[in-house]
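In what follows, a single structure is set out as structure tokens and then discussed.
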Amino acid sequence: MSAIETILVAMLAGCLRVSTPFLFVSLGECLTEKSGRINLGNEGALVLGAMVAYAVSYQTGNPWLGVLGGAAAGGALGLLHGGLCTLARVNDVAMGIAIMLAGTGMAFFFGKPYVQPSAPQLPSIPLGFWSDVPRIRSALNVSPLFFLGIAAAFGLYYIFRGTRMGLRIRIVGDSADAARALGLPIERIRLFATGAGSALAGIGGAFLSLSYPGSWNEGLSSGQGLMAVALVVFARWNPLACIGAALLFGAAGALGPSLQTVGITWGYYLFYAAPYVATLVMLIVTVAPGRALAGMPGELSIGR
Amino acid sequence: MTAIELQQAASLPAPARDADRFYPLRRAAEAVVFPLAALVIALALFSVFLLALGKSPGTFFWLVWRGAFASAFSLQNTLQRAAPLLLTSLCVAIPAQLGLVIIGGEGAVLMGGLAAVVATYPLQTAPGWLLDGLMAIAGCAGGGAWIGLTGLLRTKRGINETIVSLVLYYIALAVFNHLVEGVLRDPASLNKPSTYAIPPQAHIPSLFGTELHPGLPVGILACIAAWVLITRTTTGFAARMTGGNMRAAQLQGLPVQRLMIGACVLGGACAGLAGMIEIAAVQDRANSSLAAGYGFTGILIAFLARHNSLAIMPMAVLLGGVGAAGGLLQRRLDLPDASVLVLQGLIFVCILASDTMYGRIGWFQPARGRA
Amino acid sequence: MSSSHLITRRTLLAGAAGTAAMAGLAPRAAHAAGVTIGFIYVGPKDDYGYNQAHAEGAAAIKSMPGITVVEEERVPETDDVEKTMESMIQLDGASLLFPTSFGYFDPYMLRMARKYPKIQFRHCGGLWKADKDPMNAGSYFGYIGMGQYLNGIVAGHMTKSKKVAFVAAKPIPQVLININSFALGARSVDPSITTRVIFTGDWSMAVKEAEATNSLVDQGADVITCHVDSPKVVVQTAEHRGIYTCGYHANQAPLAPKGYLTGAEWHWATVYKMFATKALAGEPLPNFVRGGLAQDFIKMSPYGPAVTPAARANADAVKAEIMKGGYAVFKGPLKDNTGKQVIPAGTAYPETAIQLESMNYLVEGVVGAIA
């Protein structure tokens, strides 16, 4: 294989492996932000979800129960954030950071006994059965959570576009005044969207601990939850675009190691930063001065 | 904390002021009582957590007292940890006057520290005071430019400053690592890649023979200066007016864009200065230790202080104290380090949630409001 | 444990150091029967890697009568570590401190050693210099590169693709010695074997380590080892991909029951017991302590089930040679992977050679580069 092919295969594999947590967290963040609230605490939900998923999988022997546990733990943290932000004058950006700290703290604290044992992992789907090339076979060993994430993206897209619930979330997110005029329960809808969003982030964490890299330790997350905030902007609050953004971030993450394998060893720190540069460039190129970002919910505190 | 409120009280219509002379004091009390009550609640929750683990909360409080405040050493420990946080909090609190939420102060710390080191490269034999001056200017410039870029993108292109500052932090970290382990690396820094050390005469010693961090007086001065700027000058008033209602400020003909960029540059300069002091007084060279999270903790302190530059000081001391006591908790109660994270998380959540109480208890409100 | 194998360099000055150490410890020994020893870790104590290896060593002396161990984990390489050391001295009465992370040494531990001349400080790493550093400080380290050489021999026998791999954190001498030793071990079996290396740039980055491992497996590597803080992710990912692994820092066999071949492990209990025994007896503590396989400073994990008899025989034979002392992995003529000669013919560097501690090349047969 030529160097270019090697990099392409590696980036494809990286896409499929690394992107899933990005996808779940960005979908969760997207859902929350659509209701007009921002949640930086999703990093905490991701880490707590990863720990709980690993612990449940180890205790019960069933990794799917682990995924449920991760979602529940993330969701609980989201409800806490959502509930506290319901109180008047509580700032959601700052509270998110506090929740992130509390969530990672709890995950590290209660995760101590699970660093050493190996928990049962989620099975992966061998989509590369047709190929004789081992690296393609392994690249196409895809976690079922990846497809669940894609399905969730389409599901969210449909919910926002075609259902009453989605419409209500969007109205609440775009204009609290309009929502009030329509008699919508603003705070309850936001609470639901924040809880559900963090539950998705928790599933992203479950992917980290039960699929890839498939391990629990305190260095598991490298800030995927925080990065999701940038990713959602990148995706313009569109769940389908979140898929593309997550794949792109995943591929960019795989770029650094694969470049080294073909002998490009200069500046790996800079290659590791590629996704952020891409986000910044995207923002600069596509945002027009004097008007809000297309697709941005009007009630979002970071938009005001 | 009282000053802004005093200023606001002063701008109230005269009759209200006359009718309730003690209102300013009561508002000040409000700003003290709620965070303190929240702190008590957080500590109570943590005590429950400890009890559930079979540890004694009594021992915990005694250890916090001993580890953070009880002796000269412990107090120094607390203040040293608080010192860099004063400046990084200003990186959030100053732009916040205009309604900007900057969360990328850590990037400014890195850029400021790196710029400060590089500034000494051509002048190895210059006198220490000159080098320190140059380093301070370079640190402020590096940090100010980095956050200023955020402000520029916000005002000129309308890109959200919160996201840009976060993305710029990640980029700053990559650039920092790339340079420190690349062109700026001292080949003699074998197993911990670092830049060349600053010349020894540029090292800032501890204050007056004590262990006090030189960043402490700088941070306190900066907080006071920021308070004066924000509450006692026309520029500060214009900034707060912009933060309150941007449209109105624009209609009044205030230079909103310039104010925004200025606040970002100033905040970034503070964080950059924190990076410079960390280099000049503590680390002597730039390496991965500079990314110690001071910028991120600063965000929380600024919010805990409700962006009041004077309130930043007690909040930074509170956080410094938790950090100072954390080690003793590990050693004496046999708790893992994560328990300190849990405690910090509880404190932050409770104090931030207590924001909702402002204005809800009648006694703290103006007499007219209560009537 | 005899002191004969403690390699102390600069013998003349070491005598002076001994006197200083005596002076430091004597008064304490007169007052108290026991000795309090502080251990400081940069990461969690249970990371399946570097910090766990030290914590296991600390645990081995906890039961010694008269010894009190105090520990603190996740202490960053900033002035926080100074305060942790000071807190252990002031509040816990520690008289011997082991800051175990590389970045703790300069300037933090040196500063504390100058401030507390009666307290003994021993740092894990290769940095203490008799001619310029305080005499109540010192350093200890193990020749773990020899373990990686044995890893390489086993890997060389087990690889079918003739490609072995190494996931490394940063291109620093300690890591380069390990990469090169591993590569030379493999090439001693078959000179056509190549070693691919990927630097992740950080000591603990789970997803990057997994990506690097996968990337190396995709390149055809079928035996892998690593030098990052926690090898857990690399070992698990390799097992998942069905290739062999050699461990590092601690025994990771439970994580890879099929693919684990052997591993280079620290055995710090030897070092800590030696220091603790001497401290209890009031004897001077050596300043510069080094040891390898023969001194039981490092050890090899038991062979995994997959290791062939030929591989065992070869590795055991070389290990026996190493145990005799003076065995040189790095000997001339040796070229780096750009074709430049780095060790001339006729020169041999045994594990004790100081030249190895500033290694800045990758040997022939390693695919990769130091950025």
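Annotation: aspartates and glutamates with alpha-carbon distance below 20 angstrom to C:LYS299 (same-chain offsets under eight excluded): C:ASP46, C:ASP47, C:GLU56, C:ASP229, C:GLU265, C:ASP316, C:GLU321, C:GLU351. Mind checking which of A:PHE146, A:PHE234, A:ALA178 is farthest towards the positive end of segment A:144-280's charge dipole, using Cβ charges of +1 (Lys, Arg) and -1 (Asp, Glu) about the Cα centre? Working it through, the farthest residue towards the positive pole turns out to be A:ALA178.
What separates the Cα centres of segment C:126-142 and segment B:120-176 is a distance of 37 Å.
Rounded to the nearest 20, the Cβ-based charge dipole of chain C about its Cα centre (Lys and Arg +1, Asp and Glu -1) stands at 780 debye. Of the residues C:THR100, B:SER189, B:GLY107, the one whose Cα sits farthest toward the positive end of the charge dipole of the protein assembly as shown, with +1 on the Cβ of Lys and Arg and -1 on the Cβ of Asp and Glu, is B:GLY107. The residues packed around C:MET274, meaning those with a beta-carbon under 13 Å from its beta-carbon, carry a net charge of +2 if Lys and Arg are +1 and Asp and Glu are -1.
Taking a straight Cα-Cα cut-off under 27 Å and skipping sequence neighbours fewer than 8 places away in the same chain, the lysines within cross-link reach of B:LYS156 are A:LYS34. Using C-alpha pairs under 8 Å with a sequence gap of at least 6, the mean separation divided by the residue count of segment A:169-304 gives a relative contact order of 27 percent. Peptide B:343-355 has a mean shielding of 6, counted as Cβ atoms of other protein chains within 10 Å of each residue's Cβ.
Residue order for A:LEU79, C:LEU334, C:LEU285, fewest other beta carbons within 10 angstrom first, comes to A:LEU79, C:LEU334, C:LEU285.
Cross-link partners for C:LYS115 among the lysines, with Cα-Cα distance under 17 Å and sequence neighbours closer than 8 places in the same chain left out: C:LYS83, C:LYS132. Working note: 222 nm ellipticity from helices only, DSSP H runs with n ≥ 4, each -39,500 (n - 2.57), summed and divided by the residues of chain A, gives -23500 deg cm²/dmol to the nearest 500.
Percent antiparallel among DSSP beta bridges with both residues in the protein assembly as shown, to the nearest 5? In the protein assembly as shown, approximately 25 percent of DSSP beta bridges are antiparallel ones.
Estimated purely from DSSP H runs of n ≥ 4, each contributing -39500 (n - 2.57), the mean residue ellipticity at 222 nm for chain C is -12000 deg cm²/dmol once divided by its residues. Under a model in which nothing but the beta-carbon of Lys, Arg (+1) and Asp, Glu (-1) is charged, segment C:251-338 shows a dipole of about 80 debye around its Cα centre. Which links in C:LYS129/C:LYS170; C:LYS160/C:LYS258; C:LYS62/C:LYS319; C:LYS62/C:LYS232; C:LYS160/C:LYS340; A:LYS112/C:LYS258 stretch past 20 Å when you go from one Cα to the other? Going by Cα-Cα distance, C:LYS129/C:LYS170; C:LYS62/C:LYS319; C:LYS62/C:LYS232; C:LYS160/C:LYS340; A:LYS112/C:LYS258 fall outside the 20 Å limit. Prolate is the label for chain C, because a/c, from the alpha-carbon gyration tensor with a ≥ b ≥ c as root eigenvalues, is 1.5 or above and a/b exceeds b/c. Averaging the Cα positions of each part gives two centres, and for segment B:17-67 and segment C:247-288 these lie 45 Å apart. When only the Cβ of Lys, Arg, Asp and Glu is charged (+1, +1, -1, -1), the dipole of the protein assembly as shown relative to its Cα centre reaches about 1320 debye. With both labels modelled 7 Å from their Cα along Cα-to-Cβ, the B:ALA126 to A:LEU65 distance reads 6.7 nm.
Within 10 Å of the Cβ of each residue in A:219-228, the mean number of Cβ atoms contributed by other protein chains is 4. Once C-alpha pairs closer than 8 Å and six or more residues apart are averaged by separation and normalised to the residue number of chain B, the relative contact order reads 34 percent. Return the whole-Å distance between the Cα centroid of segment B:230-273 and the Cα centroid of segment C:205-228. Between the Cα centres of segment B:230-273 and segment C:205-228 lies a distance of 50 Å. Sorting C:PHE288, B:PHE303 by the number of Cβ atoms found within 10 Å of their own Cβ, with the fewest placed first, yields C:PHE288, B:PHE303. Fewest neighbouring Cβ atoms within 10 Å first, the residues A:THR261, A:THR86 line up as A:THR86, A:THR261.
Working note: 222 nm ellipticity from helices only, DSSP H runs with n ≥ 4, each -39,500 (n - 2.57), summed and divided by the residues of chain B, gives -23000 deg cm²/dmol to the nearest 500. Protection proxy ranking, highest mean first, for peptides C:344-355, C:135-146: C:135-146, C:344-355, where packing is the per-residue count of other beta-carbon atoms within 10 Å, averaged. Taking all Cα pairs closer than 8 Å and separated by 6 or more residues, the relative contact order of chain A comes to 36 percent.
With respect to chain C, whose longest principal axis is taken over its alpha-carbon atoms, helix C:173-189 is tilted by about 40°.
Just so you know, all these numbers are worked out from the coordinates, no wet-lab data involved. Keep in mind the model is a prediction, meaning the values are calculated, not measured. As a convention, Cβ positions derive from the backbone with ideal geometry for all residues, glycine included, and neighbour counts pool all protein chains shown.
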